[in-house]
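Asks: Here it is, the structure in full.
The values are calculated or read from the model by the stated rules, or taken from the named source; none is laboratory data. What you see is a predicted model; the values in this text were computed from it and never measured. Ideal geometry is used to build each Cβ from the backbone, glycine not excepted, and the neighbour counts take in all protein chains shown. Note: areas computed on protein heavy atoms with side chains; ligands, DNA, RNA excluded. Shrake-Rupley method; radii C 1.70, N 1.55, O 1.52, S 1.80 Å.
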Amino acid sequence: MISLDNVSIKYGDLTVVRPLSLEIGQGEFFTLLGPSGCGKTTMLRAIAGFVPVAGGRIEIAGKDVTHVPAEKRDVGIVFQNYALFPHMSVRENVAFGLKVARRSRAEIGREVDRILDVVGIAAQHDKKPAALSGGQQQRVAIARSLVMGTEVLLFDEPLSNLDAQIRDDMRREIKALQRELGFTAVFVTHDQEEALSMSDRLLVFNAGQVEQIGTARELYETPDTPFVCRFVGSANRIGPRLAQRLGLDPGAEAYLRPEHLRIAPAGAADALSATVRDVDYVGPITRLYLDLDGEPLQAQCFSGPAVSDLAPGQTVRLSLDRDRINLFAAAA
Ligand SMILES: Nc1ncnc2c1ncn2[C@@H]1O[C@H](COP(=O)(O)OP(=O)(O)OP(=O)(O)O)[C@@H](O)[C@H]1O
Ligand SMILES: [Mg+2]
């Protein structure tokens, strides 16, 4: 559906995206993930046609759109602030694009009704955006693109203004709408859980360069690079002393996620002894900040009897899932 072939993007002398090739399938939910300033918004803008490419080729639905202006690309963007017209009602906001496209009144009425119904805001049709909740505004923003028959929707951190509960509801709504309507979504978010839970595939970007493209499970469980391992979820870098005790290659970079460490059952063989530095209870889980031979280590355990009485200064015995260590050979 969207195909990038060796696309690079510059602002003046600053190269923001290095040559990148990528295929996003019809109806796929594809997420760009990466630290602030790595080029996610720039990528979306290039797909939408608001930023020219410095090199390469962009195709949408089999058409070369590399030099096609934004308004002719049939791509919708849902921004963080939704960019609704404040003086227009919900209905007028959604109808706007069709009016500009000079569709007949009858057709506009019919299409707007249908889409307002699809996204579940028909009851609010005569309200102004200021009288809507964040979630409702979001639906208007999506409706505005969908009404144009848009098959590609780009989302730039659309949920970051919302509180946790609504956010979770909106995630599900966007996914449900996408499944029902079959549009292709390219999504940008800083929220890892959001990214992992919503996406068919994700791309991890670092300073304008692709680190890995894969499913949530591939990125989390079998990261290609140390950067992906550290950036997606959290990971302990295994220090030299622990590496030696585990018999790991001292030249390699080794990581272990906190959930793969736990308090050893009584009498467990080869348990490691560590000192508790801090205990963070966060409901279902408890995070332990530990010191093992002078090296810091974080463990994440289910809250329960094994950890409920732990206090800083105490010594604990740990076991770890050896087969979950991510090992990266030293760069040649
Ligand atoms: N219009 C512009 N002119 C010049 N440089 C820009 C422009 N827009 C963005 N940049 C630079 O390009 C780089 C990538 O910016 P971009 O907005 O794509 O990052 P991002 O990944 O979306 O970050 P964030 O997560 O903070 O939104 C940054 O170094 C930024 O300063
Ligand atoms: Mg951005």
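Asks: Considering only the range 14-56, how many residues are part of a strand (DSSP E or B), within 10 Å of ligand 1 (Cβ to nearest atom) and touching a Gly at 6+ places or on another chain (Cβ under 6 Å)?
Replies: From the range 14-56, those part of a strand (DSSP E or B) are 14-24, 29-33, 55-56; that's our starting set.
Still in the list and also within 10 Å of ligand 1 (Cβ to nearest atom): 14-17, 32-33.
Imposing the further condition that a residue be touching a Gly at 6+ places or on another chain (Cβ under 6 Å) reduces the set to 16-17.
So the count comes out to 2.
Asks: Now a separate question. Just the residues that are assigned to a loop (DSSP other than H, G, I, E, B) and in contact with a His (Cβ under 8 Å, 6 or more places away or on another chain), please, taken from the range 103-156.
Replies: Here is the first cut: in the range 103-156, the ones assigned to a loop (DSSP other than H, G, I, E, B) are 103-104, 119-121, 125-128, 132-133, 147-151.
The answer is Lys128, and nothing else.
Asks: For the range 114-139, name all the residues that are surrounded by 15 or more Cβ atoms within 10 Å (Cβ to Cβ) and either farther than 17 Å from Ala176 by Cβ or among the polar types (S, T, N, Q) (or both).
Replies: Gln124, His125, Lys127, Lys128, Pro129, Leu132, Gly134, Gln136, Gln137, Gln138
Asks: Regarding the range 72-80, can at least one residue be identified that is within 16 Å of ligand 1 (Cβ to nearest atom), within 30 Å of His125 (Cα to Cα) and in a loop (DSSP other than H, G, I, E, B)?
Replies: First pass over the range 72-80, keeping only residues within 16 Å of ligand 1 (Cβ to nearest atom): 77-80.
Right, trim to within 30 Å of His125 (Cα to Cα) and you get 77-80.
Now restrict to residues that are in a loop (DSSP other than H, G, I, E, B): 79-80.
Among the residues of the range 72-80, at least one is within 16 Å of ligand 1 (Cβ to nearest atom), within 30 Å of His125 (Cα to Cα) and in a loop (DSSP other than H, G, I, E, B), which makes the answer yes.
Asks: Kindly provide the set of residues from the range 138-160 that are within 16 Å of ligand 2 (Cβ to nearest atom) and of a type in the set (A, V, I, L, M, F, W, C), ordered by number.
Replies: At the first step, the residues of the range 138-160 found to be within 16 Å of ligand 2 (Cβ to nearest atom) are 154-160.
Matches in the range 138-160: Leu154, Phe155, Leu159.
Asks: In the same structural domain as Gly34 (by TED's automatic domain parsing), under 28 Å from Ala70 (Cα atoms) and among the small types (Gly, Ala, Ser): does that describe Ala185? Spell out how you get there, then give the answer.
Replies: Working: in the same structural domain as Gly34 (by TED's automatic domain parsing): yes; under 28 Å from Ala70 (Cα atoms): yes; among the small types (Gly, Ala, Ser): yes.
Yes.
Asks: Output the residues belonging to the range 27-44 that are within 11 Å of ligand 2 (Cβ to nearest atom) and touching a residue at least 60 places away in the same chain (Cβ under 8 Å). Lay out the reasoning, then the answer.
Replies: The first filter runs over the range 27-44 and keeps only residues within 11 Å of ligand 2 (Cβ to nearest atom), leaving 32, 34-44.
Correct list: Leu32, Gly34, Pro35, Ser36, Cys38, Gly39, Lys40, Thr41, Met43, Leu44.
Asks: From the list Ala95, Ala101, which one is open to solvent by less than 30 Å² (accessible area, probe 1.4 Å) and either at pLDDT below 90 or over 23 Å from the mean Cα position of the chain (by Cα) (or both)?
Replies: Values: Ala101 fails: open to solvent by less than 30 Å² (accessible area, probe 1.4 Å).
After ruling out the rest, the residue left standing is Ala95.
Asks: List pairs: first in the range 107-130 and among the small types (Gly, Ala, Ser), second open to solvent by less than 40 Å² (accessible area, probe 1.4 Å), Cβ under 7 Å, 6+ apart or cross-chain?
Replies: So the pair list comes out as Ala122/Leu116.
Asks: Could you tell me whether Ala48 is within 22 Å of the chain's Cα centre (by Cα), open to solvent by less than 70 Å² (accessible area, probe 1.4 Å), within 16 Å of ligand 2 (Cβ to nearest atom) and within 21 Å of Leu181 (Cα to Cα)? Lay out the reasoning, then the answer.
Replies: Values: within 22 Å of the chain's Cα centre (by Cα): yes; open to solvent by less than 70 Å² (accessible area, probe 1.4 Å): yes; within 16 Å of ligand 2 (Cβ to nearest atom): yes; within 21 Å of Leu181 (Cα to Cα): yes.
The answer is yes for Ala48.
Asks: From the set of residues in the range 154-195 that are modelled with pLDDT of 85 or more, more than 14 Å from ligand 1 (Cβ to nearest atom) and surrounded by fewer than 19 Cβ atoms within 10 Å (Cβ to Cβ), which is farthest from the chain's Cα centre (by Cα)?
Replies: Gly182
Asks: Additional query: Can you name every residue in the range 79-134 that is of a type in the set (Ser, Thr, Tyr) and at positive phi? Don't jump to the end; show me each part of the working.
Replies: From the range 79-134, those of a type in the set (Ser, Thr, Tyr) are 82, 89, 104, 133; that's our starting set.
Tyr82 - this is the single residue of the range 79-134 that is of a type in the set (Ser, Thr, Tyr) and at positive phi.
Asks: With Ala54, Ala70, Ala106 as the choices, which residue is touching a helix residue (DSSP H, G or I) at 6+ places or on another chain (Cβ under 6 Å) and surrounded by fewer than 18 Cβ atoms within 10 Å (Cβ to Cβ)? First the steps, then the outcome.
Replies: Numbers: Ala54 fails: touching a helix residue (DSSP H, G or I) at 6+ places or on another chain (Cβ under 6 Å); Ala106 fails: touching a helix residue (DSSP H, G or I) at 6+ places or on another chain (Cβ under 6 Å).
Every option except Ala70 fails the conditions.
Asks: From (1) open to solvent by 30 Å² or more (accessible area, probe 1.4 Å); (2) more than 27 Å from Thr225 (Cβ to Cβ), pick out the condition that doesn't hold for Asp323.
Replies: (2)
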